[in-house]
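Input: a single structure, listed below in structure tokens.
Every number in this text was worked out from the coordinates using simple rules, so none of it is lab data. Predicted model only: the values in this text are computed from it and were never measured. Glycine gets a Cβ as well: all are built from the backbone with ideal geometry, and neighbour counts include every protein chain shown.
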């Protein structure tokens, strides 16, 4: 029996909001590249693309909304919601 194991890679589609984030291409974990300030911007919209290494590759897009909330100590915290 032959089992094909395909690797999936992730990327953020370039946009103004995307400049504040990066994504680990192998795990898909999204992190901020700078401190997020809720008073400046409380919500970010990112489009994430996933593709495998098949020929031809299968790809998919999803929208990730990152909400920036305030914490008691004055630092911001982000949560995210995926929209497929």
Once the Cα gyration tensor of the stretch 1-53 is diagonalised, semi-axes √(5λ) in Å: 31, 10, 7
As a footprinting exposure proxy, order 55, 61 by other Cβ within 10 Å, with the fewest listed first. 55, 61
So how do 24-30, 8-14 stack up, highest first, on mean other-Cβ count within 10 Å? 8-14, 24-30
Cβ-based exposure ranking for 63, 31, in which fewest neighbours within 10 Å come first: 31, 63
